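The values are calculated or read from the model by the stated rules, or taken from the named source; none is laboratory data. Just so it is clear, the structure is predicted and the values come from calculations on it, not from any experiment. Heads up, the Cβs are rebuilt from the backbone with ideal geometry, glycines too, and the neighbour counts pull from every protein chain shown.
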Amino acid sequence: MKKIVSLLLCVLMLCVSFSALADAQKVGVSMPTKDLQRWNQDGENMKNLLEEAGYEVDLQFAANDVQQQLNQVTNMINNGCEVVVISAIEGSSLGSALDLAKEKNIPVIAYDRLLMDNEWVSYYATFDNYMVGTVQGTYVKEALDLENADGPFYMEITAGDPGDNNANYFYSGAMDVLNPYIESGKIIVKSGQTAFSDVATPTWKTEVAQTRASSILSSFYADGSSIDAWLCSNDSTAMGVINALEDNYDGDWPIITGQDCDKSNVKKMIEGKQSMSVFKDTRTLAAQVVKMVGQILSGEEVEVNDTETYDNHIIVVPSFLCEPVFGDVNNYVELLLDSGYYTEDDLK
Ligand code: BGC
């Protein structure tokens, strides 16, 4: 008799867990690429946290291919995802998928990168992108002591992908700090390339940044003149600049900025080749987005802290901005190791 009861109990438990699985709401997560470390982490964090919260997850990476991302998101919507979280390769290229989401009334959250030119963007969660640029620009200002030193100092600029709305914020945040010194002549940009369109790096690729930096070095610094700072919007572009300097430059090593605290760039900070980075703890962003998903699906009010900044040309998207944190060789142990973000082996 006892055996029969426990058998029945087991069957009951199995039925309950199967039906819980069948009932689990499905969430689509679309990431731009696996090429950069951060998006792998973002994707993994989102998947783990969403699953812990009881959702089924359809996580896709799009190999930096716009058409592939469009297909993936369209499939997520057609295959029953009840919320879709997207970090776009190109902010304006997912219009038809967003139109489909609207038709089916599926909320869309823009993850880290704003979705542009469409009304169907329910929320945006990111780090304060302008502040990232401010932190980078302020670092250069203080490291060169621009307020007090006579100068002139020589600087070059490498920004991000024009298809990524964030890139403009990073550039503007930094240039709003540094432009007055360029205008007064205390900073000289020998290449003359200061406009965003001249300094941008399509797809944020290290190789693209490296090719441009090498060409600047051979055209303007081959006479042995030195560079004091190279403002880079993120770590993948900073890596391109570092590679170009290693191959084409003999002068004193310049100040180089970055963003993301990618493992290979933290190693460069430890080596003294990159001066700083901006740490955007992807665990914080993922946790915030998972909270948003829960609030949306349970009909609660969704927590946002910015309803003015992020205009996608059609609507101002209610946003939650997490705070970016300055990182360098002096605080990386506390910031990245003690916090459990990386292990010591990661940085060997
Ligand atoms: C992100 C950065 C990242 C860059 C390249 C931006 O949208 O905000 O953290 O470095 O994309 O992937």
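The set of residues in segment 239-259 that are surrounded by 24 or more Cβ atoms within 10 Å (Cβ to Cβ) and either aromatic (Phe, Trp, Tyr) or near the ligand (Cβ under 10 Å from one of its atoms) (or both) comprises GLY258, GLN259. Quick one: would you say LYS280 is over 30 Å from ASP117 (Cα atoms) and within 14 Å of the ligand (Cβ to nearest atom)? The answer is no for LYS280.
Among the residues of segment 131-173, the ones that are part of a helix (DSSP H, G or I) and without any contact (Cβ under 8 Å) to a residue 40 or more places away in the chain come to 3 in all.
Number of residues in segment 178-235 that are part of a loop (DSSP other than H, G, I, E, B), more than 16 Å from the ligand (Cβ to nearest atom) and more than 19 Å from GLN136 (Cα to Cα) equals 10. With respect to ASP117, determine if the residue is on the phi > 0 side of the Ramachandran plot and surrounded by 18 or more Cβ atoms within 10 Å (Cβ to Cβ). No. The condition of being under 28 Å from ASP281 (Cα atoms), touching a strand residue (DSSP E or B) at 6+ places or on another chain (Cβ under 7 Å) and free of Cβ contacts under 8 Å to residues at least 12 places away in the same chain holds for only one of GLU56, GLU51, GLU82, that being GLU51. Considering segment 83-100, the residues that are more than 11 Å from ASN118 (Cα to Cα) and either of a type in the set (Asp, Glu) or away from the ligand (no atom under 14 Å from the Cβ) (or both) include one that is surrounded by the most Cβ atoms within 10 Å (Cβ to Cβ), namely VAL85.
For every residue, the table says whether it meets (1) modelled with pLDDT under 55; (2) assigned to a helix (DSSP H, G or I); (3) aromatic (Phe, Trp, Tyr).
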residue: LEU9; (1), (2), (3): yes, yes, no
residue: LEU12; (1), (2), (3): yes, yes, no
residue: ALA22; (1), (2), (3): yes, yes, no
residue: ASN48; (1), (2), (3): no, yes, no
residue: VAL57; (1), (2), (3): no, no, no
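For segment 274-308, a residue qualifies if it is buried (at least 18 other Cβ atoms within 10 Å of the Cβ) and either under 30 Å from GLU246 (Cβ atoms) or basic (Lys, Arg) (or both), and the qualifying residues are GLN274, SER275, MET276, SER277, VAL278, PHE279, LYS280, ASP281, THR282.
Looking only at residues in segment 107-128 that are out of contact with any Ser or Thr (no Cβ under 7 Å at 6 or more places or on another chain) and among the charged types (D, E, K, R), the one that is nearest to the ligand (Cβ to nearest atom) is ASP128.
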